[in-house]
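Notes for the one structure printed next.
The values are calculated or read from the model by the stated rules, or taken from the named source; none is laboratory data. Only a predicted model underlies this, so the values are computations on that prediction, with no experimental measurement involved. Glycine gets a Cβ as well: all are built from the backbone with ideal geometry, and neighbour counts include every protein chain shown.
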Amino acid sequence: MVGSIRKRKVMDVRGFQLLEFNARLVAEDHWLEVHTKPGRGPDDEWVEFLGGIKGEKQPHLHVGINKDTTLRFAKKRGVLKSVSQRVMNADTQDTLDATEDVWGDAPFSIGLRLNSYKPARVVWVSDLRLVRNDLTAGPYI
């Protein structure tokens, strides 16, 4: 499993609510479903990713990201090729922290942004993408 992003680089969102989000993306022969999940108790919401190849019955990717951007879990199912994680500054696009790509190269990456708004104490998913790695500057997760 991939080591998680260092705690000093994550969002401080204790006590924040993760807004509900559900989406399905398709890119060429790959698909991705993204859902927010409630977790085991208060302040434990997270984002679930299920992905695979069209026409195959079982998902090949199952990843969970906590609302503070740390990795909750990453399960390799069948053809999942790689898992890595990057935290970027939303204003400058500088990489603040990254984990290693541990299983090799994958043809597609998931890109998303977790945003927070302190006065309202909310976190939400935005800029969700499923893109070919040869069209990006590097893997997202």
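Restricting attention to segment 64-71, does a residue exist that is at pLDDT 90 or above and either in a loop (DSSP other than H, G, I, E, B) or farther than 26 Å from ARG121 by Cα (or both)?
yes
Those residues that are in contact with a strand residue (DSSP E or B) (Cβ under 9 Å, 6 or more places away or on another chain) and more than 23 Å from SER116 (Cβ to Cβ), I need them from segment 43-61; list them, please.
LEU50, GLY51, GLY52, ILE53, LYS54, GLN58, PRO59, HIS60, LEU61
Output the qualifying pairs, or none if there are none: Cβ atoms under 6 angstrom, residues six or more apart or on different chains, first residue in segment 116-129 and surrounded by fewer than 17 Cβ atoms within 10 Å (Cβ to Cβ), second residue part of a strand (DSSP E or B) and not aliphatic (A, V, I, L, M).
Taking only residues 6 or more apart or on different chains, the pairs are VAL122/GLN17; SER126/ARG113; SER126/ASN115; ASP127/ARG113; ARG129/GLY111.
Filter segment 19-42 down to the residues that are modelled with pLDDT under 90, in contact with a strand residue (DSSP E or B) (Cβ under 9 Å, 6 or more places away or on another chain) and not hydrophobic (A, V, I, L, M, F, W, C) and list them by number.
GLU28, ASP29, HIS30, GLY39
In segment 109-132, which residues are among the aromatic types (Phe, Trp, Tyr) and either under 13 Å from the mean Cα position of the chain (by Cα) or modelled with pLDDT under 70 (or both)?
TRP124
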